[in-house]
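Below is one structure, written out as structure tokens; the observations come after it.
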Amino acid sequence: SLGANVEMPVWQHVRAVLRVEDLGNNGRPGAGLAYVLAPYATAYVLYKAEGFSEPEGEIEAALALAHGPLAGSVTYGQDVDAKNRDVEGALAARAELAHNLFAGGLARYRDALGTTGEALARDGFGGATATLVVDRLAFTAMAGVAGVQKTGTGEKFQTGPAATLAIGAAF
């Protein structure tokens, strides 16, 4: 999955946010505002469309916190008629092992809150992370356990090993 996120200062503590998620498929453009509550806390309100040619989408509110080696976020999103909604939480910790080399852990959980329009009722990941920073690029590897439960199947939450490689860039 490929995504892009831009935050630009607008006025004092307010920033404009533009993002596109899932560029490899349909693409989900979004726009909104962020308000910096403190040096370690930012609140977001965004609108995310279903795709470039599908203006229907969801309104998302989030609170992101980061202080020293710890970071976390809580996000709630729902469509305009409140038929589809979900909540997500994430926690991360990291330590610098050497110059530009970090290791840590990450846990993330998302629940569709009983929504039937979602493919997954809930999903999550927990595991170790390692990041190498080269100039403005960050190369991250994650390995751990992922879990999913499909909507409407009656299946239980199923878990298994998972690994992810990611590249991030800052400009």
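If you go through region 128-139 and keep only what is within 16 Å of P69 (Cα to Cα) and surrounded by 13 or more Cβ atoms within 10 Å (Cβ to Cβ), you end up with T129, A130, T131, L132, V133. Scanning region 30-56 for residues that are outside any strand (DSSP E or B) and of a type in the set (G, A, S) yields a single hit, S53.
State all residues of region 82-95 that are free of Cβ contacts under 8 Å to residues at least 24 places away in the same chain and surrounded by 12 or more Cβ atoms within 10 Å (Cβ to Cβ); if no residue qualifies, say none. Can you show your working first?
Step one: list which residues in region 82-95 are free of Cβ contacts under 8 Å to residues at least 24 places away in the same chain, which gives 82, 88-91.
Answer for region 82-95, where residues must be free of Cβ contacts under 8 Å to residues at least 24 places away in the same chain and surrounded by 12 or more Cβ atoms within 10 Å (Cβ to Cβ): E88, G89, A90, L91.
How about region 113-156: which of its residues are part of a loop (DSSP other than H, G, I, E, B), within 20 Å of N84 (Cα to Cα) and touching a residue at least 24 places away in the same chain (Cβ under 8 Å)? Reasoning before the result, please.
Restricting attention to region 113-156, the residues satisfying the condition of being part of a loop (DSSP other than H, G, I, E, B) are 113-119, 135-136, 151-156.
Add one more test, that the residue is within 20 Å of N84 (Cα to Cα), and what stays is 113-119, 151-154.
L113, T115, T116, G117, E118, A119, T151, G152, listed by residue number.
Against the test of being free of Cβ contacts under 8 Å to residues at least 12 places away in the same chain and within 23 Å of T140 (Cβ to Cβ), the options G105, G68 yield a single qualifying residue, G68. Scanning region 140-160 for residues that are in contact with a strand residue (DSSP E or B) (Cβ under 7 Å, 6 or more places away or on another chain), open to solvent by less than 80 Å² (accessible area, probe 1.4 Å) and not hydrophobic (A, V, I, L, M, F, W, C) yields a count of 7.
Quick one: is A103 surrounded by 13 or more Cβ atoms within 10 Å (Cβ to Cβ), within 15 Å of the chain's Cα centre (by Cα) and either under 30 Å from T153 (Cα atoms) or of a type outside the set (V, I, T) (or both)? Even if it seems obvious, please write down each step before you answer.
Working: surrounded by 13 or more Cβ atoms within 10 Å (Cβ to Cβ): yes; within 15 Å of the chain's Cα centre (by Cα): no; either under 30 Å from T153 (Cα atoms) or of a type outside the set (V, I, T) (or both): yes.
No.
The values are calculated or read from the model by the stated rules, or taken from the named source; none is laboratory data. As the structure is a prediction and not an experimental result, all values here were calculated from the model. Here Cβ is always computed from backbone atoms with ideal geometry, including for glycine, and neighbour counts include all displayed protein chains. Quick note on the areas: whole protein, heavy atoms, side chains included, nothing else; ligands and nucleic acids left out. Shrake-Rupley method; radii C 1.70, N 1.55, O 1.52, S 1.80 Å.
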